[in-house]
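As structure tokens, the structure follows; a few thoughts come after it.
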Amino acid sequence: MTGMTADTGALRELTVGTGAGLETADMVLNIGPQHPSTHGVLRLKLVLDGERVISSEPIVGYMHRGAEKLFEVRDYRQIIVLANRHDWLSAFSNELGVVLAVERMMGIEVPERAVWLRTALAELNRVLNHLMFLGSYPLEIGAITPMFYAFRERETLQAVMEEVSGGRIHYMFNRVGGLKEEVPAGWTRRARAAIGEVRRRLPDLDNLIRRNDIFLARTVGVGVLSAADAAAYGASGPVARASGLDLDLRRDEPYLAYGSLDVPVVTRSAGDCHSRFEVLLDQVYVSLDLAERCLDQVDRISGPVNVRLPKVVKAPEGHTYAWTENPLGINGYYLVSRGDKTPWRMKLRTASYANVQALATLLPGCLVPDLIAILGSMFFVVGDIDK
């Protein structure tokens with residue numbers, strides 16, 4: 001194909017078609033930051049050869065709200081409301097990491113009943129997080145029915161979480177020194193019934209999608225992340241465990257009541273989209289069992305669920321680092337205090353930020369339709385990247 005250039009009028013030849021012996025011109029395509037195939041406001045700058053991806057650059061920051069800077073002008077009670085919002089699917093777990101860091105700085109010993117309740121609620125929050133992805137991921141590659149099954153189970157557990165905390169998404173139930181208040185009378189029995197109901201109905205979702213021929217064709221062998229690459233990028237959680245990295249802080253560096261529990265770690269070795277989905281699905285069964293065991297312990301323990309704090313909470317001068325096994329991976333909380341009522345610095349290490357970096361390695365070489373399957377299987381929340 002030939003044409004006249006606008007500035008010089010000279011003839012210019014450009015190959016724009018494909019065929020025997022022809023090379024196509026590379027095309028730069030922006031997916032996002034507002035696009036139906038992106039998870040929120042993420043931008044992918046792609047270089048395409050036809051419909052094959054040559055290179056990929058994830059560009060983040062479109063949702064940045066400066067939470068880490070806002071921590072510095074809010075006291076230790078107020079920062080919890082900011083911390084539970086960066087990964088809006090894991091709000092309870094986000095709160096937990098912050099209060100664990102502050103409690104470690106202040107040398108606070110949390111009552112045993114609160115420890116077991118926190119562990120139970122953290123596992124229920126993990127199930128809620130995973131169910132969202134188990135429903136939305138198949139939807140992104142053309143299957144709408146799993147979304148209905150996943151949200152049916154989510155609503156069953158959301159009712160339990162709403163009863164105990166008053167919130168459906170942002171629970172604000174953790175406090176420095178324990179929990180906001182005692183759970184309602186009979187709540188553990190109702191929570192156990194909800195867990196049993198979800199466990200009984202989960203095979204509906206499992207049987208529908210895990211061995212579905214179309215789903216297998218779109219995910220098996222697609223977007224393979226090796227164990228070495230997962231470790232190099234700092235990936236964690238289900239994404240890393242699907243690549244064979246046998247790492248889970250609940251077992252390897254126990255916090256809360258996990259040291260008293262046998263925590264099975266779900267892993268796969270293929271590292272492809274289907275393995276990541278399977279790890280997420282099997283983790284739901286594990287978390288339901290762990291939550292039920294925690295509730296059994298809560299029923300055996302009496303006593304307070306928090307400690308009495310002074311009117312103004314001040315952490316002593318120093319610094320500490322707390323990390324937790326959040327639903328999407330390892331979250332780290334680096335707290336620096338100058339002895340004031342506000343943190344001098346609170347740095348968040350979020351799982352999504354590390355996981356999404358691997359897209360630069362995973363996407364080159366794949367086709368554009370596979371891009372969507374790979375993107376969805378990395379299980380990230382954009383607010384968790386941008387903080």
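Points worth noting:
Every residue, every condition in (1) under 16 Å from GLY177 (Cβ atoms); (2) touching a Leu at 6+ places or on another chain (Cβ under 9 Å); (3) of a type in the set (Asp, Glu), yes or no:
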| site | (1), (2), (3) |
| --- | --- |
| PRO58 | no, yes, no |
| GLY61 | no, no, no |
| PHE71 | no, yes, no |
| ASP87 | no, yes, yes |
| GLU109 | yes, no, yes |
| ASN125 | no, yes, no |
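- Residue under evaluation GLU51, criteria (1) at pLDDT below 90; (2) surrounded by 16 or more Cβ atoms within 10 Å (Cβ to Cβ); (3) out of contact with any His (no Cβ under 9 Å at 6 or more places or on another chain), criterion not met: (2)
- When residues in the stretch 223-237 are screened for being under 13 Å from ASP272 (Cβ atoms) and either touching a His at 6+ places or on another chain (Cβ under 8 Å) or open to solvent by less than 20 Å² (accessible area, probe 1.4 Å) (or both), 3 of them pass.
- Taken residue by residue, the stretch 313-320 has no member that is open to solvent by 20 Å² or more (accessible area, probe 1.4 Å) and closer than 30 Å to GLY223 by Cα.
- Residue count for the stretch 340-365, restricted to those that are assigned to a strand (DSSP E or B), within 16 Å of the chain's Cα centre (by Cα) and of a type outside the set (D, E, K, R): 1
- Selection of first residues in the stretch 165-182 that are open to solvent by less than 50 Å² (accessible area, probe 1.4 Å) and of second residues that are in a strand (DSSP E or B), restricted to Cβ pairs under 7 Å at least 6 apart or on distinct chains, gives the following pairs, ordered by first then second residue: PHE173/LEU179.
- Candidates are the residues of the stretch 85-131 that are basic (Lys, Arg) and over 13 Å from THR324 (Cβ atoms); the one that is surrounded by the most Cβ atoms within 10 Å (Cβ to Cβ) is ARG113.
- When the stretch 322-339 is limited to residues that are among the hydrophobic types (A, V, I, L, M, F, W, C) and part of a strand (DSSP E or B), the one that is farthest from THR119 (Cα to Cα) turns out to be VAL336.
- Looking only at the stretch 77-90, and only at residues there that are assigned to a loop (DSSP other than H, G, I, E, B) and in contact with a strand residue (DSSP E or B) (Cβ under 9 Å, 6 or more places away or on another chain), the one that is nearest to ALA315 (Cα to Cα): ARG77
- Top-ranked residue in the stretch 133-152 [being assigned to a loop (DSSP other than H, G, I, E, B) and small (Gly, Ala, Ser); ranked as most open to solvent (accessible area, probe 1.4 Å)]: GLY142
- Looking at GLY271, GLY329, GLY318, GLY303, just one residue is of a type outside the set (S, T, N, Q) and within 16 Å of ASN125 (Cβ to Cβ), and that residue is GLY329.
- Scanning the stretch 325-349 for residues that are crowded, with 23+ Cβ neighbours inside 10 Å and closer than 11 Å to GLY237 by Cβ turns up GLU325, ASN326, PRO327, LEU328, GLY329, ASN331.
- Failed criterion for LEU247 (all others in (1) over 16 Å from the mean Cα position of the chain (by Cα); (2) assigned to a loop (DSSP other than H, G, I, E, B) hold): (1)
The values are calculated or read from the model by the stated rules, or taken from the named source; none is laboratory data. The model shown is predicted, which means the values in this text are computed figures rather than measured ones. Cβ sites come from the backbone with ideal geometry, for glycine too, and all protein chains shown count toward neighbours. The protein model used for the area step is the full one, side chains on, heavy atoms only, and it has no ligands, DNA or RNA in it. Shrake-Rupley method; radii C 1.70, N 1.55, O 1.52, S 1.80 Å.
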